[in-house]
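First up is the structure itself, then whatever we jot down about it.
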Amino acid sequence: MRFQKHFIIFAGINPKKMTQVAAICKALLDGHTLSIMTGFQMFSCTNLPRELSRSVEQKFGVVISKDRVEFTSKYGQHGFYYRYRLNSSEHNKEGIQKMREYVAQQSNGGKDFVPTPTKFVQKDIFENTEN
């Protein structure tokens, strides 16, 4: 069995400074079709359908379509999974614009997004470790 790597092209964007939701939105805006496996490979997201529902559909007011894909494993077992994509329809027009603005803000293009790392220094086992 051959696995294909999936990549998102981040033109002028630093993906390491981007949130997971912004990366998912970027992939949907670029026209990628996502599944549970590609969600894990591309975003390290273990439950992509939940993230799509809570963090994309409800947050931006868009409808993400899902297609059921049926398959038979190499052992003869039947199964299915879903593929998700964002349709560029009139209903999604306002939400797509909100998604574009969110991705631009979260992708280091907006000056207000600066991640601050937390520093932990443990001097003693019973001391407070946060500085």
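The values are calculated or read from the model by the stated rules, or taken from the named source; none is laboratory data. What you see is a predicted model, and the numbers here were worked out from it, not measured in a lab. As a convention, Cβ positions derive from the backbone with ideal geometry for all residues, glycine included, and neighbour counts pool all protein chains shown.
What the table shows:
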| quantity | calculated |
| --- | --- |
| Checking residue 46 against (1) in a helix (DSSP H, G or I); (2) under 19 Å from residue 18 (Cβ atoms), the condition it does not meet | (1) |
| Filter result for residue 70 (out of contact with any Asp or Glu (no Cβ under 8 Å at 6 or more places or on another chain), loosely packed, with under 14 Cβ neighbours inside 10 Å and modelled with pLDDT under 90) | no |
